[in-house]
Ligand code: TYD
């Protein structure tokens, strides 16, 4: 399905830690700029002063955090970002590129932590004002490869280990299988440029660029 370029669009990048999605999100914003589409980038958790405070709590809390508290904080950070940043931009016709969004909670807190994906989906709907990305790029890499690419200084969630990351990846694969029209699976094992070629080709098709 193709769409017109006249209104704001919402594009998200997803994948396990170390998959390379942040690099691809940056490349996409540059490429859009080249064709005179100015896009705003946001990252999750974070992207707004209140959401960034929640991010610090989520990623660097010293005390052990309950899985449900973690999920709800992820979603409250998202609610703030959606209301204050993403929706106003989209309503004004801007394109928004997000480094992680609602699918991260289904993958990490659902797949990784084992919380109910259905329950998280409903709370996500509440937190996102039911906003759905127009297109999502799931940059898929085997977790061993992603682990090699990850920086040495890891946050609380990145420290969870390979079994956790494997469950996260599996849940992303399920999300893609359930909604392949929105969630485009990209082979992240290729070179940065080749991965971007795949991203751009899907963008061109989706938005008639
Ligand atoms: P990320 O910003 O990708 O890490 P980095 O700053 O290293 O690029 O995400 C931070 C961590 O938060 C990452 O391990 C994934 C996790 N996360 C969740 O567990 N659930 C969520 O809903 C989101 C948005 C992120």
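Scanning for something over 23 Å from residue 164 (Cα atoms), surrounded by 19 or more Cβ atoms within 10 Å (Cβ to Cβ) and more than 11 Å from the ligand (Cβ to nearest atom), does the stretch 97-112 turn up at least one residue? Scanning the stretch 97-112, I find at least one residue that is over 23 Å from residue 164 (Cα atoms), surrounded by 19 or more Cβ atoms within 10 Å (Cβ to Cβ) and more than 11 Å from the ligand (Cβ to nearest atom), so the answer is yes.
Scanning the stretch 30-49 for residues that are within 16 Å of the ligand (Cβ to nearest atom) and either crowded, with 18+ Cβ neighbours inside 10 Å or farther than 21 Å from residue 193 by Cα (or both) returns 42, 43, 44, 45, 46, 47, 48.
Residues of the stretch 137-150 that are at pLDDT 95 or above and within 13 Å of the ligand (Cβ to nearest atom): 139, 143. Scanning the stretch 128-159 for residues that are assigned to a helix (DSSP H, G or I) and surrounded by fewer than 23 Cβ atoms within 10 Å (Cβ to Cβ) returns 143, 144, 145, 147, 148, 149, 158, 159.
With 69, 61 as the choices, which residue is within 13 Å of the ligand (Cβ to nearest atom), out of contact with any helix residue (DSSP H, G or I) (no Cβ under 8 Å at 6 or more places or on another chain) and at pLDDT below 95?
61
Within the option set 27, 56, 21, being more than 10 Å from the ligand (Cβ to nearest atom) and surrounded by 15 or more Cβ atoms within 10 Å (Cβ to Cβ) holds for one residue only, 27.
Confirm whether residue 184 is within 15 Å of residue 10 (Cβ to Cβ), away from the ligand (no atom under 11 Å from the Cβ) and crowded, with 21+ Cβ neighbours inside 10 Å. It is false that residue 184 is within 15 Å of residue 10 (Cβ to Cβ), away from the ligand (no atom under 11 Å from the Cβ) and crowded, with 21+ Cβ neighbours inside 10 Å.
When 93, 111 are checked against the criterion of being assigned to a loop (DSSP other than H, G, I, E, B) and in contact (Cβ under 8 Å) with a residue 60 or more places away in the chain, 93 stands alone in meeting it.
The values are calculated or read from the model by the stated rules, or taken from the named source; none is laboratory data. Source: prediction; values computed, not measured. Heads up, the Cβs are rebuilt from the backbone with ideal geometry, glycines too, and the neighbour counts pull from every protein chain shown.
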